1. Out of the range 104-122, which residues are open to solvent by 20 Å² or more (accessible area, probe 1.4 Å) and under 11 Å from the mean Cα position of the chain (by Cα)?
2. Which one of the conditions (1) over 15 Å from the mean Cα position of the chain (by Cα); (2) modelled with pLDDT under 85 does THR33 fail to meet, given that it meets all the rest?
3. Name, by its number, the condition in (1) open to solvent by 60 Å² or more (accessible area, probe 1.4 Å); (2) farther than 19 Å from VAL136 by Cβ; (3) at pLDDT 95 or above that does not hold for GLU51.
4. May I ask you to list pairs of residues, at least six apart or on different chains, whose Cβ atoms are under 9 Å apart, with the first in the range 86-97 being open to solvent by 100 Å² or more (accessible area, probe 1.4 Å) and the second being modelled with pLDDT of 95 or more and part of a loop (DSSP other than H, G, I, E, B)?
5. What number of residues in the range 113-134 are under 27 Å from ASN101 (Cα atoms), touching a strand residue (DSSP E or B) at 6+ places or on another chain (Cβ under 7 Å) and not aromatic (Phe, Trp, Tyr)?
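The values are calculated or read from the model by the stated rules, or taken from the named source; none is laboratory data. Note that the coordinates shown come from a computational prediction; the quantities given were computed from them, not determined experimentally. Every residue, glycine among them, receives a Cβ derived from its backbone with ideal geometry; neighbour counts consider all protein chains shown. Remember, those area values only see protein heavy atoms, side chains included, never the ligands or the DNA or RNA. Shrake-Rupley method; radii C 1.70, N 1.55, O 1.52, S 1.80 Å.
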Amino acid sequence: PSIVKALQKDGMRKAVSDVQDVFFSARERAILTNQKTAAVFYPRERRFGVEGSAIGDAGTAVNTHSGKTTVATLPEGVELGMLDIFRQDYVQSDWAKIFFNADGTCDEAVLVLIGKGGSLKITLEYATGMPVVSQVDQ
């Protein structure tokens, strides 16, 4: 199945968008504040967000300046299949942090999201801090 097909199923599009937004927001905060900033994942609770962000009533938070999600919960039907930071899997951990640096770089990380329509991989390019979405086998 293609990325497009996987994105069309269930909450996969929202899940990918939320993860990308959290990464962009953490990177942006690190650069703007000139301080290392973490994206924190709570795999068992399926929650994640920019460290220090306030959580709204619905369990999500949006940066009013950028319009990007800063805290989210994976939609129903989407699970975290892998949370790899520096080649160690944290999917069974209580929490894990992916750090973004003031120069725009970040920790080496790979996430796999699994939904009914298939699974997708989000790889963080450590040199740029940018997330790249691809098929799991690529």
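1. VAL110, LYS121 - these are the residues of the range 104-122 that are open to solvent by 20 Å² or more (accessible area, probe 1.4 Å) and under 11 Å from the mean Cα position of the chain (by Cα).
2. If we test THR33 against (1) over 15 Å from the mean Cα position of the chain (by Cα); (2) modelled with pLDDT under 85, just (2) comes out false.
3. Failing condition for GLU51: (3).
4. Correct list of pairs: PHE86/ASP107; PHE86/GLU108; ARG87/GLU108.
5. 12
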